[in-house]
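Chemist: Before I ask anything, here is the structure I am working with.
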Amino acid sequence: MTSPQNPTNLAYRRFVLRMIAALAVYFVLLLGRVLFAALPQPWLTVSAVAPALPLLYAFSAIARFLGETDEFKRKMIVDAAAFAGGVTAVLAVGYGLGEGPGMLPQPSALIDFAVFMVLWLAAMFTIKARAR
Amino acid sequence: MKNRIKVLRAERDFSQADLADLVGVSRQTIVALEAGKYAPSLTLAFKIARVFACTVEDVFDPASVDAAP
């Protein structure tokens, strides 16, 4: 096991703390969205989209982790994200062309994010296994 | 890229984790390097060579890299 002072371990610890902070705020805002569902406009819209704000911090946490971790891990993460982003884009465009009256149903835009995350994790798992 | 990291490490009785700490990368990176699944940056190659007190060519086999056209 590597030392706790290894730069990659320190980077990972900072990343986890930042993600916990981002997700804590996210869930508080999400709870606020549910509790204050009867707010008048424009506050209803503000409370509805507010949970997206801590995701900006989560995104910055990922970007900082990429800068702080070692080169091989960075390559794995970026390769997996590139694969997931490319496949998600193709799926989104393909499905989007099939949407319309009498054709495919129109799901929530959030499904793109879910598809991307699942593909990213699957790609990370595959790349990690192949690197052994 | 072929390399002698595993041999050099064994000669010095370093574990993969020891070497990872000495050059500031994860153990996973050392595993991938030893397996020849990852070609390191120049910076990392020099750091590894410095730990073993030898040249980069002593650690990494230039002949295993395809010659540029």
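The values are calculated or read from the model by the stated rules, or taken from the named source; none is laboratory data. Since the model is a prediction, treat every value here as computed from it, not as a measurement. Using ideal geometry, Cβ is built from the backbone for each residue, glycine included, and neighbour counts are taken over all protein chains shown. Quick note on the areas: whole protein, heavy atoms, side chains included, nothing else; ligands and nucleic acids left out. Shrake-Rupley method; radii C 1.70, N 1.55, O 1.52, S 1.80 Å.
Chemist: Evaluate the charge dipole of segment B:5-53 about its Cα centre and quote only its size in Debye, nearest 20, assuming +1 on the Cβ of each Lys and Arg and -1 on the Cβ of each Asp and Glu. Please report the intermediate quantities before stating the final value.
Modeler: Working: 7 positive and 5 negative charges, 28 e Å.
In total the dipole reaches around 140 debye.
Chemist: Next question, about the same structure. Identify, among B:ALA49, B:SER26, B:ALA39, the residue whose Cα sits farthest towards the positive end of the charge dipole of chain B, taking +1 on the Cβ of Lys and Arg and -1 on the Cβ of Asp and Glu, with the dipole about the Cα centre.
Modeler: Going by the Cα projections, it comes out as B:SER26.
Chemist: Any chance you could give the angle, 0 to 90 degrees and rounded to 10, that helix A:71-98 forms with the longest Cα principal axis of chain A?
Modeler: Relative to chain A, helix A:71-98 is tipped by roughly 20 degrees.
Chemist: Can you list residues whose amide H is under 5 Å from B:SER26's amide H, if they're 5+ apart or on another chain and H is modeled 1.01 Å from N?
Modeler: A:ASP70
Chemist: Take B:THR55, A:THR69 and sort them by solvent-accessible surface of the protein heavy atoms, 1.4 Å probe, largest at the top.
Modeler: B:THR55, A:THR69
Chemist: Relative contact order for chain A: what is it in percent, counting Cα pairs under 8 Å that are at least 6 residues apart?
Modeler: Details: 83 pairs, mean separation 32.7, N = 132.
With pairs under 8 Å counted, the relative contact order is 25 percent.
Chemist: If each DSSP helix of 4+ residues adds -39,500 (n - 2.57) and the sum is divided by the residues in chain B, what number results at 222 nm, nearest 500 deg cm²/dmol?
Modeler: Working: 5 runs with 37 residues, N = 69.
It lands at -14000 deg cm²/dmol.
Chemist: Right, next: Going 7 Å from the Cα of A:ILE127 toward and past its Cβ, which residues in segment A:29-66 have a backbone nitrogen under 20 Å from where you end up?
Modeler: Within reach of a label on A:ILE127: A:58-66.
Chemist: Output the Kirkwood hydrodynamic radius of segment A:70-132, Cα pairs only, in Å rounded to one decimal. Kindly include the intermediate steps, with their values, before the conclusion.
Modeler: Working: mean 1/r = 0.0774 Å⁻¹.
That comes to 12.9 Å for segment A:70-132.
Chemist: With a probe of 1.4 Å, find how much accessible area the protein assembly as shown has per residue, and write the answer as a whole number in Å². Can you show the working numbers first?
Modeler: Details: 12780 Å² over 201 residues.
Heavy-atom SASA per residue in the protein assembly as shown reads 64 Å².
Chemist: Moving on. Could you work out how much longer the chain between A:TYR95 and A:ARG13 gets when fully extended? Use 0.36 nm per residue separation minus the Cα distance between them, nm to one decimal.
Modeler: Working: separation 82, 0.36 × 82 = 29.52 nm, distance 3.87 nm.
Roughly 25.7 nm would be gained on extension.
Chemist: For B:ASN3, what residues show an amide H to amide H distance below 5 Å, using hydrogens built from the backbone and excluding near sequence neighbours?
Modeler: B:ASP61
Chemist: So what's the net charge close to B:LEU22: Lys and Arg +1, Asp and Glu -1, counting the other residues with Cβ under 12 Å from its Cβ?
Modeler: That works out to +3.
Chemist: Segment B:1-41: which residues show an accessible-area loss of 40 Å² or more, assembly versus chain alone, 1.4 Å probe?
Modeler: Buried on complex formation: B:ASP21, B:GLY24, B:SER26, B:GLN28, B:LYS37, B:TYR38.
Chemist: In segment A:53-67, whose amide N lies under 14 Å from the spot 7 Å out along Cα-to-Cβ of A:VAL28? List them in ranges.
Modeler: Within reach of a label on A:VAL28: A:53-55.
Chemist: Within the protein assembly as shown, what whole-number % of the accessible surface is contributed by carbon and sulfur, with the 1.4 Å probe and all protein chains included in the calculation? Write down the numbers at each step before the final one.
Modeler: Values: 8890 of 12780 Å².
Within the protein assembly as shown, the accessible surface is 70 percent carbon and sulfur.
Chemist: Here is a follow-up. What's the whole-number percent of alpha carbon pairs in segment A:1-69 lying beyond 19 angstrom? Numbers along the way, then the final one.
Modeler: Details: 1088 of 2346 pairs.
Tail fraction, whole percent: 46.
Chemist: Evaluate 2.2 N^0.38 Å with N set to the residue count of chain A, then give the Cα radius of gyration divided by it.
Modeler: Details: Rg = 18.7 Å, N = 132, 2.2 N^0.38 = 14.1 Å.
Compared with the compact-globule rule of thumb, chain A sits at 1.33.
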